[in-house]
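Taking it in order: structure first as structure tokens, then the write-up.
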Amino acid sequence: MVFACQKDSFLKQFDSTVVSCKERQLKTVIDGKKVSLSGYDVILDDTILFPEGGGQPCDHGKINEIRIENVKREGAIAVHFSESPFKEGECVTMQIDWDRRFDHMQQHSGQHLITAVADREFGFSTTSWWLGKEISHIELDTPTMKNEEVQKLEELVNEYIRNATPVTVNTYGEENPIPKEVRTRGLPEDHVGDVRVVTIEGLENNMCCGTHVTNLSQLQVIKLVRVEKGKKGKVNLEFLVGSRVLKQMAAMYDREQAISNLLKNSPAGHVEQVDKLQKSLKVANKNLQTVLKDLAAYTARELLSQSPRPKYYCLHRKEADPDFMSIFINEVNNQDILLFLTIGDELGAGQLVLHGAPEIVSQLGPQICEVLEGKGAGKGPKYQAKVKSLKLRNKAIELIEKYFE
């Protein structure tokens, strides 16, 4: 069956009749969590809510003001999930979430255009594509894609847009067989009924079930964002079409203004100013490391000068690093003193090292690690771990004190 949304992708409202309504438990994901919703599977005699397919997510909309956000295809039938029931034979009015629909039309038709031009100009065939919430990508059957090729591809697809190239949809069935030149990656196993072919005039014919624009000028613009390494022998080409380009530009402009305010210069000077800051930070970090190493050696000498020497010694340095702890341990060089060293945010995550007699370290190390909610390992006189809760450090010290009572 070819649905009303496929016959006319610009339909925003439509009247239909309820064929069936059956109770159902829908397992889905909301805000990253798996949930089970109680509701109804509603089948209509026709629909303007596109069911998921062809790499395109389903439409959102309303049936008699009841929100619909899950539509799937089962053979020749579109099944709408509703949290409220409808009566069989009832006449209902459907409304489309037009912003979502038009965005999907732009991205999907844009994908067809990029795919066709990439294949014709460079011989890069499309093996799959994904329509994301913010950015989409096409998987191209090539191990690499040069910057010059990306730029050329972007120029060519936007030329088709500027030329207002027509896009048409034709339906084929038993009486009118599909032309041989039609591009296809095959039909779903449960496909029933006629087949739709989307044609970009003078460029390609592609079998597709999705919703599309009627003229490439409706895409506005295509921006090829970047190329990333994909599966073996393939690359992923990320892209934006139409309104998404404008939204991305607006977000980038806002970030640019914020950075200008922080750096107190114009956008043209951002790179130079950030380069200067990075070099200054590198020098500052190098100086800090030198100071920390001197501090570790000085603190170790101060500890060794105590008389009598303590059985254990606890030290925390928020700004230090693992090298600080290693230098301190090497300077002390005495397993008779149990060293409990920690670095990081006193109220958050950090690292610890327990150093001393192997029999003591092997006993106290895992206990302290558990108190501080971390994962660690030890061998001989040294136990080290990354921990989540340095704010519990005093409880770890209590374990050490209790051991030496």
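The values are calculated or read from the model by the stated rules, or taken from the named source; none is laboratory data. Keep in mind that this is a model prediction, so the values were computed, not measured. Cβ: placed from backbone, ideal geometry, glycine included. Neighbour counts: every protein chain shown. Only protein heavy atoms, including side chains, enter the accessible area calculation; ligands, DNA and RNA are left aside. Shrake-Rupley method; radii C 1.70, N 1.55, O 1.52, S 1.80 Å.
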For this session: Tell me which of these GLY356 doesn't satisfy, since it passes every other one: (1) closer than 21 Å to LYS395 by Cβ; (2) surrounded by fewer than 16 Cβ atoms within 10 Å (Cβ to Cβ).
Result: (2)
Seminar exercise, completed: The residue that is most open to solvent (accessible area, probe 1.4 Å), considering only those in region 33-61 that are assigned to a loop (DSSP other than H, G, I, E, B) and touching a Cys at 6+ places or on another chain (Cβ under 6 Å), is GLU52
Seminar exercise, completed: Within region 62-83, restricting to residues that are β-branched (Val, Ile, Thr) and open to solvent by less than 10 Å² (accessible area, probe 1.4 Å), the one that is farthest from GLY110 (Cα to Cα) is ILE63
Seminar exercise, completed: The correct count of residues that are in contact (Cβ under 8 Å) with a residue 60 or more places away in the chain and within 43 Å of the chain's Cα centre (by Cα) in region 323-352 is 1
Problem set entry | Leading residue by the ranking (surrounded by the most Cβ atoms within 10 Å (Cβ to Cβ)) among those in region 84-106 that are without any contact (Cβ under 8 Å) to a residue 60 or more places away in the chain and in contact with a strand residue (DSSP E or B) (Cβ under 8 Å, 6 or more places away or on another chain) | ASP97
Problem set entry | Cross-chain or 6+ apart pairs with Cβ under 6 Å, region 139-157 first and part of a loop (DSSP other than H, G, I, E, B), then among the hydroxyl-bearing types (Ser, Thr, Tyr) | ASP141/SER125; ASP141/THR127
Exercise. Filtering region 222-248 down to residues that are under 19 Å from the mean Cα position of the chain (by Cα) and part of a helix (DSSP H, G or I), which residue is surrounded by the fewest Cβ atoms within 10 Å (Cβ to Cβ)?
Worked result: LYS247
Problem set entry | Long-range neighbours under 6 Å by Cβ, at least six apart or interchain, first residue open to solvent by less than 50 Å² (accessible area, probe 1.4 Å) within region 280-307, second among the β-branched types (Val, Ile, Thr) | ALA296/ILE327; ALA300/VAL332
Seminar exercise, completed: The strands (runs of 3 or more DSSP E) lying entirely within region 164-215 that contain at least 2 residues which are modelled with pLDDT under 85 are 167-172
